[in-house]
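**Student:** Below is the structure I would like to discuss, written out as structure tokens.
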Amino acid sequence: MQNILITGGAGFIGSHVVRRFVNSYPNYNIINMDCLTYAGNLENLKDVEGKPNYRFVKVDIRDEEGVAKVFADYSIDGVIHLAAESHVDRSITNPMDFIKTNIEGTVVLLNAARKQWGSNFEGKLFYHISTDEVYGSLGDEGLFTETTPYDPRSPYSASKASSDFLVRAYNHTYKLPIVISNCSNNYGPNQFPEKLIPLVISNIQQLKPLPIYGKGLNVRDWLYVEDHAQAIDTIFHNGVIGETYNIGGENEWKNIDLVKLLCKIMDSKLGREAGTSEKLITFVTDRAGHDLRYAIDSSKIARELGWKPTVTFEQGLEKTVDWYLDNKSWVNDILSGEYANYYQQQYGGR
Ligand code: NAD
Ligand code: DAU
């Protein structure tokens, strides 16, 4: 029996990781720790909430006492740490939330693990989930490898880079058993509609403008979220302590091309005349400090752990669009809440 703490399990990627672990490992106790910010939604986990090997605890990772109590009460052996403020645009308007959760919150968890585990690290692991954004921005050529020097350029990526360094420092200084992975852009069901793909799907449905930052020439490498969850499972079980693994989709798209592809898929799904959605494309002021291109070399995880993406972009976008069309109430609940104020502030009256 293992007691595994998953932080941020009510969020987008976290909910897919929780579901995978609860269903695949009935002999593990999965404890989902999440404070339910605007991005956390227990609806994402309705299908697992009654399972005997699943518990949810509403605790903020910045709360030292609350976190220590969870480690002690559940005798935590393994941590998969996903809780974070995750949206770059919000980090530009409000950096402090990112410093507090992503940096301080991570240190609270590291301290709790040290306290709980003492110096007996047998069977223990602290797995930190990070992002490719810590490596900075690429030009037209090249890929991020695990040895690319860190060069974070937004408050979000700087906070994630700091947390990566702290996790490594606890390994070096205190011998805490850690592993880190840095992943590219995820997409799929349950992603909060502030992020590009669900925002575009939602706006097309409402015939609202599709805001493209700058000229739409920035490039991202997209990975289906369940493939990321599978990579996390692989690294949790087979990753080498102290190592870092890059995870990517080998699937680079310019934003404008991706949005045009989504327009085509949506026109056909909604039975609208071809070209209807593309007319909604609106070029807006660029994101401050907008990184041009991210692209991941994931040959290390392929070579050493045998992981590769399994879902093609065509299949993944189809599943994603279908999920959003079948779950309109999930999006509508979000659109009618705090998010409405954020949208007004970020995009004005558009
Ligand atoms: P998300 O914003 O959808 O979810 C974050 C979750 O963390 C939410 O459930 C939220 O309630 C919770 N949370 C936030 N602050 C908390 C706090 N102080 N205490 C407890 N819980 C808190 O994020 P996501 O997109 O699922 O990303 C998850 C992790 O993966 C993050 O660490 C992110 O940096 C990383 N990541 C994301 C992507 C991506 O494309 N989304 C890619 C690579 C890495
Ligand atoms: O690379 C991994 C990262 O991917 C994760 O660490 C982050 O948590 C995740 O949010 C994501 O960051 P991005 O900034 O790349 O994702 P986002 O969906 O916000 O934007 C994708 C691209 O689309 C980016 O170039 C900005 C652009 N964009 C985004 C929005 C929201 C637009 O052109 N218009 C928009 O309205």
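The values are calculated or read from the model by the stated rules, or taken from the named source; none is laboratory data. All of these numbers come straight from a predicted model, not from anything done at the bench. Note that we place each Cβ from the backbone using ideal geometry, even for glycine, and neighbour counts take in every protein chain shown. Keep in mind that these areas ignore ligands, DNA and RNA; they rest on the heavy atoms of the full protein, side chains included. Shrake-Rupley method; radii C 1.70, N 1.55, O 1.52, S 1.80 Å.
**Student:** Could you tell me which of the residues Ile180, Ile201, Ile197 is touching an Asp or Glu at 6+ places or on another chain (Cβ under 9 Å), under 26 Å from Asn44 (Cβ atoms) and within 14 Å of ligand 2 (Cβ to nearest atom)?
**Tutor:** Among Ile180, Ile201, Ile197, only Ile180 is touching an Asp or Glu at 6+ places or on another chain (Cβ under 9 Å), under 26 Å from Asn44 (Cβ atoms) and within 14 Å of ligand 2 (Cβ to nearest atom).
**Student:** How many of the residues in segment 330-350 are assigned to a helix (DSSP H, G or I) and over 16 Å from Asp89 (Cα atoms)?
**Tutor:** 6
**Student:** For residues that are over 22 Å from Phe165 (Cα atoms) and either of a type in the set (Ser, Thr, Tyr) or out of contact with any helix residue (DSSP H, G or I) (no Cβ under 8 Å at 6 or more places or on another chain) (or both), tally how many sit in segment 228-252.
**Tutor:** Result for segment 228-252: 4.
**Student:** List the strands (runs of 3 or more DSSP E) inside segment 153-251, counting only whole elements, that have at least 3 residues being within 15 Å of ligand 1 (Cβ to nearest atom) and in contact with a Ser or Thr (Cβ under 6 Å, 6 or more places away or on another chain).
**Tutor:** Passing ranges, in order: 244-247.
**Student:** Continuing with this model, one more query. Leu223: within 20 Å of the chain's Cα centre (by Cα), within 19 Å of His87 (Cβ to Cβ) and surrounded by 22 or more Cβ atoms within 10 Å (Cβ to Cβ), yes or no?
**Tutor:** Yes: the conditions hold for Leu223.
**Student:** Please enumerate the residues belonging to segment 44-58 that are within 17 Å of the chain's Cα centre (by Cα) and charged (D, E, K, R).
**Tutor:** none
**Student:** Which one is nearest to ligand 2 (Cβ to nearest atom), of the residues in segment 285-301 that are closer than 13 Å to Glu250 by Cβ, outside any loop (DSSP other than H, G, I, E, B) and open to solvent by less than 30 Å² (accessible area, probe 1.4 Å)?
**Tutor:** Residue satisfying both the conditions and the ranking: Ile296.
**Student:** Also, I was wondering about something else. Restricting attention to segment 138-145, does a residue exist that is hydrophobic (A, V, I, L, M, F, W, C) and in contact with a Phe, Trp or Tyr (Cβ under 6 Å, 6 or more places away or on another chain)?
**Tutor:** Taking every residue of segment 138-145 in turn, at least one turns out to be hydrophobic (A, V, I, L, M, F, W, C) and in contact with a Phe, Trp or Tyr (Cβ under 6 Å, 6 or more places away or on another chain).
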